[in-house]
1. Quick check for you: with a 1.4 Å probe and neighbouring chains kept, what is the accessible area per residue of region 32-86, in Å²?
2. In a shell of Cβ-Cβ distance under 14 Å around Ser82, excluding Ser82 itself, what net charge do Lys and Arg (+1) and Asp and Glu (-1) give?
3. Between Asp142 and Ala71, how many nm apart are label points set 7 Å from Cα along the C-beta direction?
4. For region 101-106, what does the Karplus curve 6.51 cos²θ - 1.76 cosθ + 1.60, with θ = phi - 60°, yield as ³J(HN,Hα) per residue in whole Hz, taken in order and with x for Gly and Pro?
5. Tally Lys and Arg at +1 and Asp and Glu at -1 over the other residues with C-beta under 13 Å from the C-beta of Asp37: what net charge comes out?
6. Simple spin-label model, 7 Å along Cα-to-Cβ: Arg92 to His44 in nm?
7. Taking all protein chains in place and a 1.4 Å probe, what share, in percent, of the accessible surface of region 69-108 do carbon and sulfur account for?
Amino acid sequence: MTNTSTATCLVPGLSPSPFSLPRVQAHLRIGKHSLPDLDLTAGHIITFDVSSYFRDPDGEPLRFETSSSDAAVATASASGHSVTVRAVAQGRALLTVTARDPGGLTATQTADVDVAGKPAEPVAVGTIRDHHVKEGDVFTLDVSPYSTTPAETS
């Protein structure tokens, strides 16, 4: 079935002549802003609202889909207007977010996801000796000499 509208053209001296015009479908539009590039650390998760990055001129609701160019670096999922990106391991991946309206029209944006390696876990150094404190006393202890990162010990 062709999606058309019928119009009638009035030409002086001739009878009205109906003809068909194809309907023009409005396209989804990218919002005012582009998706931001993301700088994450392995193991971190970020969730953000993508509704302001896309616009349907007809005001129809949009459904969002996501993909990652390298799931070993970052994964992505969509739920409602929220996109969640999980930084898996050090590297770079391309995040793709596609908006789809009920009629099947789509708009797509991409963003770079740079993932830094996981920060080093602190390592205990030495032992903190016991301190006896009376109720109501204030006691402050600087614990920085009792932990370090592996890079500081090499």
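1. Value returned for region 32-86: 59 Å² of accessible area per residue.
2. 0
3. Simple spin-label model gives 5.0 nm for this pair.
4. Each residue of region 101-106 in turn: 8, x, x, x, 6, 10 Hz.
5. -2
6. Using points 7 Å along Cα→Cβ, the separation is 1.8 nm.
7. 46 percent
The values are calculated or read from the model by the stated rules, or taken from the named source; none is laboratory data. Everything numeric here is computed off the predicted structure, so don't read it as measured data. Methodologically, a virtual Cβ is constructed for each residue, glycine included, from the backbone with ideal geometry; neighbour enumeration extends over all protein chains shown. Just the protein is used for accessible areas: all its heavy atoms, side chains included, with ligands, DNA and RNA removed. Shrake-Rupley method; radii C 1.70, N 1.55, O 1.52, S 1.80 Å.
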